[in-house]
Amino acid sequence: MANNKKNLEPFDAPIDLNEAASLSMVKPELIHLFLYDVRPLPPAQAVQVKVVRAPGKPPELNVKHPRLLKEGEQLFWTSSDARLELRFSPALAPFSNAAFEVPRGAKVYSGLANGKFGPKQVVRYVLLATTTDGILLNQQIEFTVLHPRLPEKPKAPSGKTKIHRRK
Amino acid sequence: MEMVVTVTLLKDSDGQYSLNLNKPTVTVSPLYEDGDDFDTVNVRWLLREDEANPNYPNNAKQLTVTFNTLPTPFTLTSDAGLPSTEVYVAGAFSPGIVTADVQDLAVDPETNAVSLYKYTIQVDTHDGKQLVLDPHVRVRRSHVTRRDIFSR
């Protein structure tokens with residue numbers, strides 16, 4: 001019972017490493033990689049959404065969106081003015097999910113495009129923004145996703161190929 | 001500085017699911033300390049599935065993180081009253097969701113102050129199942145450090 005130290009540890013005690021010196025040699029990104037297999041982020045293009053307000057006019061959306069998403073890239077959505085919801089057609093969504101939602105000030109990442117729809121896909125989706133004073137705004141967005149071309153399979157020999165038989 | 005919460009979907013041969021979290025309670029603070037450097041703190045949630053799952057990787061579909069009580073540790077102050085919940089939705093196998101910075105008002109000003117915030121993780125699968133967990137975010141007044149990344 002006297003040696004039962006483990007039971008006395010607070011729940012957030014470090015797992016194995018106790019040496020401050022060894023901790024200081026490891027970058028936080030590497031700690032996440034080695035402990036939890038969290039890989040570095042693929043390159044991400046920002047979709048920035050602002051709510052423009054002019055006196056006497058209803059608020060409007062100003063969306064800064066990349067027109068082209070290249071192979072190996074992803075999107076992330078963020079707005080300091082509104083809560084965002086993104087809705088893709090489930091049957092045509094280029095990412096692993098067709099719906100995304102993110103509160104004001106946060107970011108949501110699309111992940112890499114799935115490449116199901118050929119080397120070039122024109123994507124349309126709806127962006128919904130709810131302002132802090134409860135106004136719902138929406139905009140349809142269009143952009144293009146490029147996927148790598150799959151390597152062509154070697155052609156099977158055609159039936160016309162001459163076969164030379166030994167006599 | 002991001003504190004990462006990984007949500008891993010597990011599946012057995014009979015089609016039953018379970019969830020694994022690397023941090024059932026993630027500890028954050030308004031400030032991260034790394035030697036002489038100080039940084040703000042965010043939380044990132046990401047959904048993936050175990051490679052040993054039958055039908056891998058076509059089981060996990062969507063991750064939803066919901067705080068039913070506002071403000072959360074990440075709620076920007078001018079959001080008072082709207083909306084009544086804070087919801088984050090992302091797909092599987094993506095870098096997920098990153099919150100806004102932990103807000104200074106999320107924990108009392110005393111040096112030893114700690115506040116717990118309950119939230120819900122819901123995972124939707126491609127075959128229509130939903131799995132739910134109720135973890136916590138623990139906000140500490142004292143700075144978080146590299147050591148906290150190791151914590152359970």
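Numbers for the structure displayed
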read-out	value
Which numbered condition B:Ala90 fails, given (1) surrounded by fewer than 17 Cβ atoms within 10 Å (Cβ to Cβ); (2) within 20 Å of A:Pro40 (Cβ to Cβ)	(1)
Matching entry among A:Leu75, A:Leu112, A:Leu128 (being surrounded by fewer than 18 Cβ atoms within 10 Å (Cβ to Cβ) and aliphatic (A, V, I, L, M))	A:Leu128
Count of the range A:103-127 residues which are over 22 Å from B:Ala92 (Cβ atoms) and either more than 8 Å from chain B (Cβ to nearest Cβ) or not charged (D, E, K, R) (or both)	6
The range A:123-149, residues that are among the polar types (S, T, N, Q) and either out of contact with any helix residue (DSSP H, G or I) (no Cβ under 8 Å at 6 or more places or on another chain) or farther than 19 Å from A:Ala106 by Cβ (or both)	A:Thr130, A:Thr131, A:Asn138, A:Gln139, A:Gln140, A:Thr144
Within the range B:141-152, tally of residues that are within 11 Å of chain A (Cβ to nearest Cβ), surrounded by fewer than 20 Cβ atoms within 10 Å (Cβ to Cβ), touching a residue at least 40 places away in the same chain (Cβ under 8 Å) and of a type in the set (Lys, Arg)	1
Condition check for A:Gly134: loosely packed, with under 12 Cβ neighbours inside 10 Å, of a type outside the set (S, T, N, Q) and within 12 Å of chain B (Cβ to nearest Cβ)	yes
Residues satisfying the stated conditions in the range A:89-106, i.e. more than 14 Å from the chain's Cα centre (by Cα) and closer than 18 Å to A:Phe143 by Cα	A:Ser89, A:Pro90, A:Ala91, A:Leu92
Tally, over the range B:12-61, of residues that are of a type in the set (Asp, Glu) and surrounded by fewer than 13 Cβ atoms within 10 Å (Cβ to Cβ)	5
Flag for B:Asn20 being more than 14 Å from the chain's Cα centre (by Cα) and within 17 Å of B:Leu131 (Cβ to Cβ)	no
The range A:45-93, residues that are under 29 Å from B:His126 (Cα atoms) and away from chain B (no Cβ under 11 Å)	A:Gln45, A:Ala46, A:Val47, A:Leu68, A:Leu69, A:Lys70, A:Glu71, A:Gly72, A:Glu73, A:Ser89, A:Ala91, A:Leu92
Counted residues, the range B:21-43 - those being under 19 Å from B:Thr66 (Cα atoms), in contact with an Asp or Glu (Cβ under 8 Å, 6 or more places away or on another chain) and not hydrophobic (A, V, I, L, M, F, W, C)	3
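Since every read-out is calculated from the coordinates, none of them should be taken as a lab result. Every value quoted in this text rests on a predicted model; they were computed, and no experiment measured them. Heads up, the Cβs are rebuilt from the backbone with ideal geometry, glycines too, and the neighbour counts pull from every protein chain shown.
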